[in-house]
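*Asks:* One structure, pasted below without further comment.
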Amino acid sequence: MSEHRPPTDEIVVPRRSSAAVWLVVAAVVVATVTFAVVGPRAGCSVVAGTLFALALARAVGPEPGLPGVAVRGRVLDVVGYLLLGAVIAVLAFTSPSLVA
C-alpha cells in the first residue's frame with residue numbers, strides 16, 4: 001500500500017546535466033598525463049588553458065551557468081578563472097625550477 005504524504009513547501013530544483021564537470025575532470029586527467037609524459041611546463045599549460053576555456057564558457061554561457069563551473073556571480077567567476085589561468089601560465093613559463 002502506498003502511504004500518503006502531505007504536500008511540502010520545498011522548492012524543487014530541476015536536475016541539470018553534469019557534462020561540464022566531466023569535461024573538467026577529463027582536462028585534469030589530460031594535464032596529469034601531459035605533466036608525466038611531456039613535462040611540467042606542458043602540464044601547467046594544459047591547466048591554464050582549461051581555466052581560460054572555463055572563463056570563456058562562463059562568460060558566454062546562459063544563466064544560471066554550468067553546474068560546477070558557475071560558483072559565484074558571472075563577473076567574479078570569469079575574472080577568477082582568468083586570473084588563475086594567467087598566474088599558472090606565467091609561473092609555468094618563468095619558473096626556473098620547472099624543466100621543459
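*Asks:* Just give me the residues in the stretch 65-89 being within 18 Å of SER18 (Cα to Cα) and in contact (Cβ under 8 Å) with a residue 24 or more places away in the chain, in sequence order.
*Replies:* LEU66, PRO67, GLY68, VAL69
*Asks:* Does VAL30 qualify as being buried (at least 18 other Cβ atoms within 10 Å of the Cβ) and part of a helix (DSSP H, G or I)?
*Replies:* Considered against the rule, which asks whether it is buried (at least 18 other Cβ atoms within 10 Å of the Cβ) and part of a helix (DSSP H, G or I), VAL30 comes out as no.
*Asks:* Condition first: among the charged types (D, E, K, R) and either closer than 24 Å to SER97 by Cα or surrounded by fewer than 17 Cβ atoms within 10 Å (Cβ to Cβ) (or both). Can you find one or more residues in the stretch 37-50 that meet it?
*Replies:* Looking through the stretch 37-50, at least one residue is among the charged types (D, E, K, R) and either closer than 24 Å to SER97 by Cα or surrounded by fewer than 17 Cβ atoms within 10 Å (Cβ to Cβ) (or both).
*Asks:* Suppose we filter the stretch 58-83 for residues that are among the β-branched types (Val, Ile, Thr), under 21 Å from VAL46 (Cβ atoms) and modelled with pLDDT of 90 or more; how many remain?
*Replies:* 1
The values are calculated or read from the model by the stated rules, or taken from the named source; none is laboratory data. Just so you know, these numbers come straight off a predicted model, no measurement behind them. Because the Cβ atoms are built from the backbone with ideal geometry, glycine has one as well, and the counts that use them run over all protein chains shown.
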